[in-house]
Amino acid sequence: MKGEMFKMNILKPKLQFDRVKNILVGINVKHYKKHLKDVLHLYADADVSIYNHETIMYEVYSYGEGDEDKQGNLLYGLTVMYPVYIKNECNMTQGHFHVDKNCAEYYFGIEGEGLLLLMNEQREMYVEKVFPGSIHYIDGKYAHRLVNTGDSVFKVAACWPTTAGHDYEAVRKGEFPYRVYKINGKIEFVKR
Ligand SMILES: O=P(O)(O)OC[C@H]1O[C@H](O)[C@H](O)[C@@H](O)[C@@H]1O
């Protein structure tokens, strides 16, 4: 061996993906829950009397460093979606466009099974299957929504620019053209 030995200080990573529990672990990981009452408007038929509005539909964990307004900074996140069906309609995220359409995003399938709905500004939609190991490049011009089509928890990791922003309003005004149902074990798309 040539050269002088150097005692390098090897640091623990600040963030870790726990491969047993499939969760993001680390200090400064942000976390929020979406209850049914927060996303009721997404469903075709959410009869108030049948469903518990406190039901947790999905949870989002995210981590970032540095100034969120600085172009080039990234966030890493994990969305955890529960197998909840509202009169056969599959559990879905709100779905959003990026405010800055120059910002793309990656999704990574971690656990469970589901779909990624992608929609452009002309409201043309295409769908990708999401499963453990699948990787999805989301063009900045496409709105994106995750759908749990399975009978177990569905987990999807993501990486996106801090400056992307979430435009939920554009999706509210021009919703994804198809709803996703699971009827007798079969996934069905129903036009709005
Ligand atoms: O915000 P939603 O459309 O409900 O989706 C939930 C979350 O899913 C992923 O983790 C995205 O990358 C996040 O940016 C998003 O907030």
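The values are calculated or read from the model by the stated rules, or taken from the named source; none is laboratory data. Quick caveat, the model's predicted, so the values are computed rather than measured. FYI the Cβ positions are ideal-geometry reconstructions off the backbone, even for glycines, and counts take in every protein chain you see. Only protein heavy atoms, including side chains, enter the accessible area calculation; ligands, DNA and RNA are left aside. Shrake-Rupley method; radii C 1.70, N 1.55, O 1.52, S 1.80 Å.
General remarks:
- Looking only at residues in the stretch 141-161 that are closer than 14 Å to residue 97 by Cα and of a type outside the set (Phe, Trp, Tyr), the one that is farthest from the ligand (Cβ to nearest atom) is 141.
- Evaluated against (1) part of a loop (DSSP other than H, G, I, E, B); (2) more than 22 Å from residue 182 (Cα to Cα); (3) among the small types (Gly, Ala, Ser), residue 49 falls short on exactly one condition, (2).
- Hits in the stretch 55-81 (condition: of a type outside the set (A, V, I, L, M, F, W, C), closer than 30 Å to residue 183 by Cβ and surrounded by fewer than 16 Cβ atoms within 10 Å (Cβ to Cβ)): 55
- In the condition set (1) modelled with pLDDT under 95; (2) aliphatic (A, V, I, L, M); (3) touching a Ser or Thr at 6+ places or on another chain (Cβ under 9 Å), residue 81 is compliant with all but (1).
- Pick from the stretch 138-185, criterion basic (Lys, Arg) and assigned to a strand (DSSP E or B), ranking: nearest to residue 81 (Cα to Cα): 155
- Test: residue in the stretch 104-120 that is open to solvent by 60 Å² or more (accessible area, probe 1.4 Å), under 19 Å from residue 59 (Cα atoms), away from the ligand (no atom under 14 Å from the Cβ) and in contact (Cβ under 8 Å) with a residue 24 or more places away in the chain: yes
- Looking only at residues of the stretch 169-191 that are open to solvent by 70 Å² or more (accessible area, probe 1.4 Å) and among the aromatic types (Phe, Trp, Tyr), we find that the one that is farthest from residue 145 (Cα to Cα) is 189.
- Residues within the stretch 16-52 that are exposed (fewer than 12 other Cβ atoms within 10 Å of the Cβ) and farther than 14 Å from residue 81 by Cα, tallied: 13
- Looking across the stretch 128-137, the residues that are within 16 Å of the ligand (Cβ to nearest atom) and in a strand (DSSP E or B) come down to 128, 130, 135, 136, 137.
- Taking the listed residues 2, 21, the one that is farther than 20 Å from residue 145 by Cα and under 18 Å from the mean Cα position of the chain (by Cα) is 21, with no other qualifying.
Per-residue answers, yes or no, for (1) touching a residue at least 12 places away in the same chain (Cβ under 8 Å); (2) within 11 Å of the ligand (Cβ to nearest atom); (3) over 15 Å from residue 146 (Cβ atoms):
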residue	(1), (2), (3)
36	yes, no, yes
40	yes, no, yes
49	no, no, yes
57	yes, yes, no
68	yes, no, yes
73	yes, no, yes
83	yes, no, no
86	yes, no, yes
90	yes, no, no
